[in-house]
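Right, one structure below, let's go through it.
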Amino acid sequence: MTMRFVMIGGFLGAGKTTTIGRLAALYRAQGLKVGIVTNDQASDLVDTHTLRNQGFDVGEVAGACFCCNFNELTATAEQLQQDHVPDIILAEPVGSCTDLVATVVQPLKHLHQQQFEVAPYGVILKPSHGRRILKNEANTGFSPKAAYIFEKQLEEADFLILNRIDELTVTEISELESLLKQKYPDTPIIKMSAKTGEGMQQLLEAIEQQGEFGNRILELDYDIYAEGEAELGWLNASLRVTADAPFDLDALLLDIIECLRTRLEEVKGETAHLKTIGVGDAAHAVANLISSDTPAQVSLASHRQLTQADVIVNARVAIAPEVLTELVHESVRQAVQRVGGSVEFGETQSFRPGRPVPTHRYQTS
């Protein structure tokens, strides 16, 4: 039995996890079984915990992107198939990766056609950085090498997803749509909000298309790609917060992110994405920040008061990893101190991503 393999790409903070969670819920409402595969350069991924806490079956490929860890991707999907027999696999690649058609889609179509039926590949535009990068503004927040990755992600898509329309004005939506049409005139555009669900039916229809898709193999300079990725400091940290008196879990997570946003602004560290999840006593909450010029927000509220919570922080910032570690630990301590609690740090992984070395790379379709 073949499984439908749906991969949704996009830059860090584009809204991939929310989109995949919304898609999974829609498929489940149709009576279909869904398996999800998340991906990160390290373990302790907020996305994995978030989706599992929503009741989904999730496998994680950690330690490298899908393209560089292709065999683990297929093994993880096969394990989900054995354990849960899903009809559909939803896959979320690392947000700093591109060249996924040549290194994931094509190998799946050629080497695993008996196991997977590969859906058209959709890529989400992140409006906050997208507008600046597509307009070639001098201050995009990232270097030209990181912006190169952003644009290459959009170039290989079968269809583009303009997400977060609930946060944009009609004029802003029109401008972004126009910029995309100028740059990628042959690529269909879906306008939607993963948060509210608007436009999700159009996304389902795009994914369910049959035909020749997944053939836009990039001409890609791997030196620029590697250097662009390496400009990002990457941090995953786990910790436990304990207090004598109950504290508001949602407010604590938001305060951690807001403290970190302020400190990063002081050192001019451009945020690609900050996420934190708190879990305790059957409650879970998520707060995040998707760029330096947007507000931090609670994306999943618990509305709970707790005396103990396990917290994971994921940070992707254009700054040295050792500086990022210091700022994260400092921000956590400040926020925890404000609720009269204490913090015990577990493992902190902080590094720059290494050069991508794909398991397979198809030159033609």
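Some notes on this structure:
- Scanning segment 49-75 for residues that are crowded, with 24+ Cβ neighbours inside 10 Å and not hydrophobic (A, V, I, L, M, F, W, C) yields a count of 1.
- Scanning segment 326-341 for residues that are surrounded by fewer than 16 Cβ atoms within 10 Å (Cβ to Cβ) and hydroxyl-bearing (Ser, Thr, Tyr) turns up nothing.
- Some residue of segment 256-267 being more than 20 Å from Arg131 (Cβ to Cβ), assigned to a loop (DSSP other than H, G, I, E, B) and out of contact with any Ser or Thr (no Cβ under 6 Å at 6 or more places or on another chain): yes
- When residues of segment 88-130 are limited to those that are of a type in the set (D, E, K, R) and within 17 Å of the chain's Cα centre (by Cα), the one nearest to Ser178 (Cα to Cα): Lys126
- Scanning segment 258-270 for residues that are in contact (Cβ under 8 Å) with a residue 60 or more places away in the chain and either small (Gly, Ala, Ser) or crowded, with 23+ Cβ neighbours inside 10 Å (or both) yields a total of 2.
- Test: Ala146 is assigned to a helix (DSSP H, G or I), among the small types (Gly, Ala, Ser), crowded, with 20+ Cβ neighbours inside 10 Å and in contact (Cβ under 8 Å) with a residue 40 or more places away in the chain: yes
- Residue within segment 177-193 that is among the basic types (Lys, Arg), surrounded by 15 or more Cβ atoms within 10 Å (Cβ to Cβ) and in a loop (DSSP other than H, G, I, E, B) present: no
- Selection count where residues are more than 24 Å from His273 (Cα to Cα) and among the aromatic types (Phe, Trp, Tyr), scope segment 44-102: 1
- Test: residue in segment 155-163 that is surrounded by fewer than 20 Cβ atoms within 10 Å (Cβ to Cβ), without any contact (Cβ under 8 Å) to a residue 60 or more places away in the chain and assigned to a helix (DSSP H, G or I): no
- Residue within segment 24-39 that is of a type in the set (Ser, Thr, Tyr), crowded, with 18+ Cβ neighbours inside 10 Å and out of contact with any Ser or Thr (no Cβ under 6 Å at 6 or more places or on another chain) present: yes
- Taken as a whole, the condition of being under 19 Å from Asn236 (Cα atoms) and either modelled with pLDDT under 95 or small (Gly, Ala, Ser) (or both) does not apply to Glu326.
- Verdict on Ala243 being on the phi < 0 side of the Ramachandran plot and either aliphatic (A, V, I, L, M) or in the same structural domain as Val101 (by TED's automatic domain parsing) (or both): yes
The values are calculated or read from the model by the stated rules, or taken from the named source; none is laboratory data. Because the structure is predicted, anything quoted here is derived from the model rather than measured. As a convention, Cβ positions derive from the backbone with ideal geometry for all residues, glycine included, and neighbour counts pool all protein chains shown.
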